Amino acid sequence: GQNIDQPTEMTATEGAIVQINCTYQTSGFNGLFWYQQHAGEAPTFLSYNVLDGLEEKGRFSSFLSRSKGYSYLLLKELQMKDSASYLCAVGPYTGGFKTIFGAGTRLFVKA
Amino acid sequence: DAMVIQNPRYQVTQFGKPVTLSCSQTLNHNVMYWYQQKSSQAPKLLFHYYDKDFNNEADTPDNFQSRRPNTSFCFLDIRSPGLGDAAMYLCATSSGDRVSTDTQYFGPGTRLTVL
């Protein structure tokens, strides 16, 4: 079966660092995406990992371990505008274009 | 500068009254997707097109249909909306180039209310 797990909610303080974890069990794997989604808005692309290791992009970093079926998104120097849902997604599957999304982690950044 | 456009942003319909949601893109992408997203849930893929090839998900109800008359436009038709169909409908595109990451670009969504 296909399963993507991530915490439902997290709270962190402005200026701090937060790590959002994602574990996945899927019948195929062709990369892992992180998307940010503000309330009532569409998801926007943050990062993509297909090889093991850490990808850094400004205040955001994403890590992947394929053998463990595990990824995390690290947000540094948190800002109030980072309050959003963060969706972990796996795909697209080889030979197709289907991407499986997790339910998202709702991050609340407090002053 | 908008790349994936959805109209309308908010749609209200009556139970059982057909409704059509539209999506257009200026990215010239091969793949267009329709997702249904309910509050605090993951986007659920309904179907996608690779060019003109239609790919329906096995669990997408027959009540949902789609048309892609050309590269730029894609429509979602809900033939007889039920109360359970109230949701945000997201259109997305991707290049379909298997060499690239095939990142999906989402439109702003249409929030459907069924009365």
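Values in this text are rule-based calculations from the coordinates and carry no lab data. Fair warning: this is a prediction, and the values are worked out from it, not measured in the lab. For neighbour counting, all protein chains shown are included, and Cβ atoms are generated from backbone atoms with ideal geometry for every residue, glycine included.
See the values below:
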read-out	value
Residue of A:67, A:47, A:85 that the Gaussian network model of chain A assigns the largest fluctuation, springs spanning Cα pairs under 10 Å	A:67
Extended-chain gain in nm, criterion 0.36 nm per residue less alpha-carbon gap, residue A:55 and residue A:16	12.1 nm
Net charge over other residues, Cβ less than 10 angstrom from the Cβ of residue A:63 (K, R count +1; D, E count -1)	-3
Unit Cα scatterers, Debye sum, chain B: log10 I(q)/I(0) for q = 0.12, 0.16, 0.21, 0.23 Å⁻¹	-0.38, -0.69, -1.17, -1.38
Residues of the stretch A:1-21 with amide N under 20 Å of a point placed 7 Å along Cα→Cβ from residue A:111	A:11-17
Karplus (6.51, -1.76, 1.60) ³J(HN,Hα), θ = phi - 60°, over the stretch B:20-29, in Hz, Gly and Pro reported as x	10, 10, 10, 9, 9, 9, 10, 8, 6, 7
Cα gyration tensor category, rounded, prolate or oblate, for the protein assembly as shown with a/c compared to 1.5	prolate
Spin-label proximity, residue B:54 to the stretch B:71-115 - amide N less than 14 Å from point 7 Å beyond Cα toward beta carbon	B:74-79
Separation in nanometres of the label points that stand 7 Å from Cα toward Cβ, at residue A:66 and residue B:70	4.1 nm
